[in-house]
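The values are calculated or read from the model by the stated rules, or taken from the named source; none is laboratory data. Bear in mind that the values here come from a model prediction, so they are computed numbers and not experimental data. Glycine also receives a Cβ, built like all others from the backbone with ideal geometry; neighbour counts cover every protein chain displayed.
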Amino acid sequence: MKRIVGALVAGLLTFGGVFGLAASLNLTSDSLGAGTATVAACQAGALNATYTSTYSATAPGYTLGTVTITGLASTCYSKPYKVTLSGSGNASLGEATGTTPASGTSFAAAFAPALGATSVTGISVVISG
């Protein structure tokens with residue numbers, strides 16, 4: 001019984017110490033660390049992602065080389081982006097990075113080499129900055 005009580009006390013002390021240290025972390029959108037911070041989106045409206053598949057005899061099959069993002073607001077101009085294509089189990093198949101245009105409502109993200117279109121099950125877009 002004393003061992004169980006001792007183990008519980010040790011666990012509570014350890015948890016309390018770790019929780020206290022974690023509570024003291026300060027995180028801003030310009031830093032990297034353990035924690036979370038709410039950051040404002042550069043636009044309120046939704047972005048739309050589309051792609052056109054192309055037949056490749058060397059693949060063989062249909063491939064995806066470019067994703068077009070539309071619906072870009074002016075508040076997201078000239079910001080870094082990352083487009084990730086995912087497959088089964090949400091595993092990343094490839095990423096394209098770049099900077100959003102300084103004007104217009106759309107941009108294209110190119111993937112090289114092109115990916116097998118049948119493997120793509122999801123598209124994620126992150127605009128940061």
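A few points about this structure:
- Within the range 92-129, the set of residues being among the small types (Gly, Ala, Ser), closer than 21 Å to residue 72 by Cβ and not in a strand (DSSP E or B) comprises 102, 103, 104, 128, 129.
- Checking the range 63-76 against the condition returns no match, with no residue being modelled with pLDDT under 90, surrounded by 13 or more Cβ atoms within 10 Å (Cβ to Cβ) and assigned to a strand (DSSP E or B).
- The number of residues in the range 74-105 that are within 18 Å of residue 43 (Cβ to Cβ) and within 19 Å of the chain's Cα centre (by Cα) comes to 11.
- Meets criteria (in contact with a strand residue (DSSP E or B) (Cβ under 8 Å, 6 or more places away or on another chain) and touching a residue at least 60 places away in the same chain (Cβ under 8 Å)) for residue 59: no
- Once the range 87-129 is narrowed to residues that are exposed (fewer than 14 other Cβ atoms within 10 Å of the Cβ) and of a type in the set (A, V, I, L, M), the residue that is farthest from residue 71 (Cα to Cα) is 91.
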